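*Asks:* Can you keep this structure in mind? I'll have questions shortly.
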Amino acid sequence: MIYAANFKTNHTRKSTYAYIKALNEKLSVKKPDDKVYIFPPSTALDRYKGDFTIGVQNAYPAYNGAYTGEIGLEQLDEFDIKTILIGHSERREYMAETQEKVAVKFAFFQEQGFEIIYCIGEPLEIREKGFEAVMKYLLAQFNGIDIHYENLIVAYEPIWAIGTGRSATVEEISTTHRALKKVINSKPLLYGGSAKPANIKEIASIAGVDGVLVGSASLNAESFSQMIL
Ligand code: PGA
């Protein structure tokens, strides 16, 4: 299983250090096959040591330059960051990242050989229209994306389940993952949306779920490690 912690706009550099120290103590007993990723805010990026991979939540598709407020490859290279989240629904929605922009970012970081966790997900009004509408919406989020890229991990995150405390049902995850797996073949497929200690066993046992992308329940090292162990 893959366990990815997305801190979003939470934690400082100091609290990320404390978090990683606490997590490292727990991870000494994790199964060797399990893989852990942590996506802290950019201000807390560093060369942390431990049995996990540090990734960046977002970056601008350039080495460096005049892109006020953004970070590029030069800033990621400083900490050897080679993993990025792309296409998260919060960036698509609040930062107005269109599919075209997302695809440009994807192509740039693919070219750089980054491991990409690529997020897709539908809003509630699409889910309410039925499964066919859901799949049409999700597949459109692969427009311009090379789904055969070797370092690709896909994360299916229904928007209505993110941060709401209410995850999708086993049935919803299972049917959606089965359909997505047919498209992305052997690529790992994560589920995201209110994954937490109370539902991780159920979610992890669903066929086609290779891991979870966790927001709220990852903010506390104890809660995140409970999910992993
Ligand atoms: P959540 O967030 O676990 O708080 O629902 C998941 C995500 O947005 O990656």
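*Asks:* Would you be able to tell me the number of residues in the range 205-229 that are in a strand (DSSP E or B) and more than 10 Å from the ligand (Cβ to nearest atom)?
*Replies:* Summing the residues that are in a strand (DSSP E or B) and more than 10 Å from the ligand (Cβ to nearest atom) in the range 205-229 gives 1.
*Asks:* Val154 fails exactly one of the following numbered conditions: (1) in contact (Cβ under 8 Å) with a residue 40 or more places away in the chain; (2) assigned to a strand (DSSP E or B). What is the number of that condition?
*Replies:* Against the list (1) in contact (Cβ under 8 Å) with a residue 40 or more places away in the chain; (2) assigned to a strand (DSSP E or B), Val154 comes up short only on (1).
*Asks:* Something else: How about the range 106-121: which of its residues are of a type in the set (A, V, I, L, M, F, W, C), out of contact with any His (no Cβ under 7 Å at 6 or more places or on another chain) and assigned to a strand (DSSP E or B)?
*Replies:* Going through the range 106-121, the residues of a type in the set (A, V, I, L, M, F, W, C) turn out to be 106-109, 114, 116-117, 119-120.
Within this subset, residues satisfying the condition of being out of contact with any His (no Cβ under 7 Å at 6 or more places or on another chain) are 106-109, 114, 116-117, 120.
Matches in the range 106-121: Ile116, Ile117, Ile120.
*Asks:* Say whether the condition of being over 15 Å from Ile117 (Cα atoms) and buried (at least 23 other Cβ atoms within 10 Å of the Cβ) is met by at least one residue in the range 175-183.
*Replies:* The answer is yes, given that some residue of the range 175-183 is over 15 Å from Ile117 (Cα atoms) and buried (at least 23 other Cβ atoms within 10 Å of the Cβ).
*Asks:* Which of the residues belonging to the range 176-204 are under 18 Å from Val36 (Cα atoms), more than 15 Å from the ligand (Cβ to nearest atom) and polar (S, T, N, Q)?
*Replies:* Listed by number, the list is empty, since nothing qualifies.
*Asks:* I've got another one for you. Answer yes if at least one residue in the range 82-103 is small (Gly, Ala, Ser), touching a helix residue (DSSP H, G or I) at 6+ places or on another chain (Cβ under 7 Å) and touching a residue at least 60 places away in the same chain (Cβ under 8 Å), and no otherwise. Steps first, answer last, please.
*Replies:* Of the residues in the range 82-103, the ones small (Gly, Ala, Ser) are 87, 89, 96, 103.
If we keep only those that are touching a helix residue (DSSP H, G or I) at 6+ places or on another chain (Cβ under 7 Å) too, we end up with 87, 89.
Remaining after also requiring touching a residue at least 60 places away in the same chain (Cβ under 8 Å): 89.
Checking the range 82-103: at least one residue is small (Gly, Ala, Ser), touching a helix residue (DSSP H, G or I) at 6+ places or on another chain (Cβ under 7 Å) and touching a residue at least 60 places away in the same chain (Cβ under 8 Å).
*Asks:* I'd like to check something: does the range 19-28 contain any residue that is out of contact with any strand residue (DSSP E or B) (no Cβ under 6 Å at 6 or more places or on another chain), without any contact (Cβ under 8 Å) to a residue 24 or more places away in the chain, within 22 Å of Thr98 (Cα to Cα) and exposed (fewer than 13 other Cβ atoms within 10 Å of the Cβ)? Lay out the reasoning, then the answer.
*Replies:* As a first pass, look at the range 19-28 and keep what is out of contact with any strand residue (DSSP E or B) (no Cβ under 6 Å at 6 or more places or on another chain): 19-28.
Next, from what is left, pick out any that are without any contact (Cβ under 8 Å) to a residue 24 or more places away in the chain: 21, 25, 28.
Now narrow it down to the ones that are within 22 Å of Thr98 (Cα to Cα): none.
The answer is no, given that none of the residues of the range 19-28 is out of contact with any strand residue (DSSP E or B) (no Cβ under 6 Å at 6 or more places or on another chain), without any contact (Cβ under 8 Å) to a residue 24 or more places away in the chain, within 22 Å of Thr98 (Cα to Cα) and exposed (fewer than 13 other Cβ atoms within 10 Å of the Cβ).
*Asks:* Being within 9 Å of the ligand (Cβ to nearest atom), closer than 13 Å to Ile120 by Cα and in a loop (DSSP other than H, G, I, E, B) is the filter; apply it to the range 157-174 and report the residue that is modelled with the lowest pLDDT.
*Replies:* Checking each candidate, the answer is Ile162.
The values are calculated or read from the model by the stated rules, or taken from the named source; none is laboratory data. Predicted model only: the values in this text are computed from it and were never measured. When we count neighbours, we look across all protein chains shown, and the Cβ atoms used for this are built from the backbone with ideal geometry, even at glycine.
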